[in-house]
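One structure below.
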Amino acid sequence: MRADPRPRLLVMAWSTLRSDARVLRQIRLFSTRYAVTTLGYGEAPDGVVEHLRLPDEVVHWHKDRRLLVQRRFERAYRSAPVTEAAAALLADQRRFVVVLANDIDTLPLALDLAPTGGVHADLHEYHPRQNEESRRWRAFVAPYYRWLVRRYGPRAASVTTVGDGIAREYRLRFGLRAGVVVNAPDFVDLDPVPVEPDAPLRLVHSGNAQRHRLDVILDAMDRLTRPMTLDLYLMPNDPAYLDQLRERYAGSDRVRIHPPVAPHELPVTLNAHDVGVYVLPPVSFNHLWALPNKIFDFVQGRLALVVGPSPEMSALVRRHRLGLVSPDFTAEALARTLDALDPEQVRAFKRAADDAARELSAERQVHGWSRAVDTLAARVGG
């Protein structure tokens, strides 16, 4: 069998790759020009030449607590079950031209492989403050992640992250110069659905069933003075909370709970609504600077947007005139903002979403990865 002439690219992530939207975009982007090997959990993604599957029973965040307390961070990393499992899978691999390491946790192992072109690190979060709302996390885990970024981040040949605020913090605190690739989905060719003049506005939200992400929106629904409905398409990440919501809104004609929708089907589902709503209280640095997939899903669904005053989300909404920004993160403020909407405004915001949909799509946004990886491959004639 003739060897694949394309340069070898390894994409690493401690996630279930077939449901990791950001990693799947990377694989689709590169699989036509590179022989892509993946390392992660679950079945092989489409388009790869080889998949190195981490054992399902290996928990990626498990580390020796004693080593963390003793600040023996290198040993904590090397002895972590996921590091040992990944190292074993990679032991017989030929050399890669480029390794694309997703998140800081994969970066040391990627550097160990010494790819001929280098390692590109894609950092999905600001890791040193990822769960800072937890006092135990701040005391025992945050120092480990600060060490990991400080020691290994500068050794990556290039870096990207998900938003300008996080990129700025990496530069200020660690000297890392990161490009930005936002979490935008593929462009979908849709038209805005007309707003019915005398019908309730159709609000929608999609994502995880988590209290701190939904309680403000749900409380706002109880405070509205104008007729509106809310459809929730929720992932069952907290089954007990999701069951509570189903029980609370059983038979409601205002709030309806739906099963989650596959990412590629989501824009069409959202398109039947009027306004995408998301208010994320800033309980941590990453929540404050979040710019999540759902914002771009709302745009592809050609919706008006109403968001909280999170810097990245509000800047995007204002820049493209996509909707309204609540003055604070409370249910009271969100209810007032929603009550201020009128059908003509919503029509204009939907038209603005249609105008921005191509610019705010993966096809336009992934060039940051292309430039970085292609530059590294070109070092060795890739």
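Here are a few things to note about the model shown:
- Failed item, numbered, when Glu84 is tested on (1) assigned to a helix (DSSP H, G or I); (2) in contact with a strand residue (DSSP E or B) (Cβ under 9 Å, 6 or more places away or on another chain); (3) among the acidic types (Asp, Glu): (2)
- Test: residue in region 173-181 that is buried (at least 20 other Cβ atoms within 10 Å of the Cβ), of a type outside the set (Gly, Ala, Ser), in contact with a Ser or Thr (Cβ under 8 Å, 6 or more places away or on another chain) and closer than 26 Å to Leu266 by Cα: yes
- One residue stands out in region 152-163 among those that are in contact (Cβ under 8 Å) with a residue 24 or more places away in the chain and part of a helix (DSSP H, G or I): the one that is most open to solvent (accessible area, probe 1.4 Å), namely Arg155.
- Residues in region 343-377 that are β-branched (Val, Ile, Thr), open to solvent by less than 60 Å² (accessible area, probe 1.4 Å) and assigned to a helix (DSSP H, G or I): Val346, Val373.
- Among residues of region 344-375, those that are more than 27 Å from Leu201 (Cα to Cα) and of a type in the set (D, E, K, R), counted: 4
- Contacts under 8 angstrom Cβ, first residue in region 123-146 being without any contact (Cβ under 8 Å) to a residue 60 or more places away in the chain and under 29 Å from Gln26 (Cα atoms), partner open to solvent by 40 Å² or more (accessible area, probe 1.4 Å) and in a helix (DSSP H, G or I), 6 or more apart: Pro128/Arg146; Pro128/Arg173; Ala142/Arg129
- Odd one out for Thr229 among (1) touching a Phe, Trp or Tyr at 6+ places or on another chain (Cβ under 8 Å); (2) free of Cβ contacts under 8 Å to residues at least 40 places away in the same chain: (1)
- Top-ranked residue in region 196-212 [being buried (at least 19 other Cβ atoms within 10 Å of the Cβ) and at pLDDT below 95; ranked as farthest from Ala340 (Cα to Cα)]: Ala209
- Scanning region 340-364 for residues that are charged (D, E, K, R) and under 15 Å from Pro197 (Cα atoms) gives Asp342, Glu344, Arg347, Lys350.
- Within region 164-177, residues that are within 11 Å of Phe285 (Cβ to Cβ) have Cβ atoms under 6 Å from residues that are open to solvent by less than 30 Å² (accessible area, probe 1.4 Å) and in a loop (DSSP other than H, G, I, E, B) in these pairs: Ile166/Tyr126; Glu169/Tyr126, counting only partners at least 6 apart in sequence or on another chain.
- Under the condition of being more than 20 Å from Val82 (Cα to Cα) and open to solvent by 30 Å² or more (accessible area, probe 1.4 Å), the residues counted in region 109-130 number 2.
- If you go through region 75-98 and keep only what is without any contact (Cβ under 8 Å) to a residue 24 or more places away in the chain and buried (at least 18 other Cβ atoms within 10 Å of the Cβ), you end up with just Ala80.
- Some residue of region 223-239 being surrounded by fewer than 12 Cβ atoms within 10 Å (Cβ to Cβ), at pLDDT below 95 and among the charged types (D, E, K, R): no
- The set of residues in region 57-74 being in a helix (DSSP H, G or I) and either β-branched (Val, Ile, Thr) or surrounded by 12 or more Cβ atoms within 10 Å (Cβ to Cβ) (or both) consists of Leu67, Leu68, Val69, Phe73, Glu74.
- Scope region 90-104; condition under 26 Å from the mean Cα position of the chain (by Cα) and either at pLDDT below 95 or in a loop (DSSP other than H, G, I, E, B) (or both); matching residues: Asp103
- Members of region 19-40 found to be touching a strand residue (DSSP E or B) at 6+ places or on another chain (Cβ under 7 Å) and either aliphatic (A, V, I, L, M) or open to solvent by less than 20 Å² (accessible area, probe 1.4 Å) (or both), listed by number: Val23, Gln26, Ile27, Phe30, Tyr34, Ala35, Val36, Thr37, Thr38, Leu39, Gly40
- Criterion applied to Ala167, Ala114, Ala110 was being at positive phi and not in a strand (DSSP E or B), and the one residue passing it is Ala114.
The values are calculated or read from the model by the stated rules, or taken from the named source; none is laboratory data. Bear in mind the structure is a predicted one, so any value in this text is a computation, not a measurement. All Cβ positions, even for glycine, are placed from backbone atoms using ideal geometry, and neighbour counts span all protein chains on display. These area figures cover heavy atoms from the full protein model, side chains too; ligands, DNA and RNA do not enter into them. Shrake-Rupley method; radii C 1.70, N 1.55, O 1.52, S 1.80 Å.
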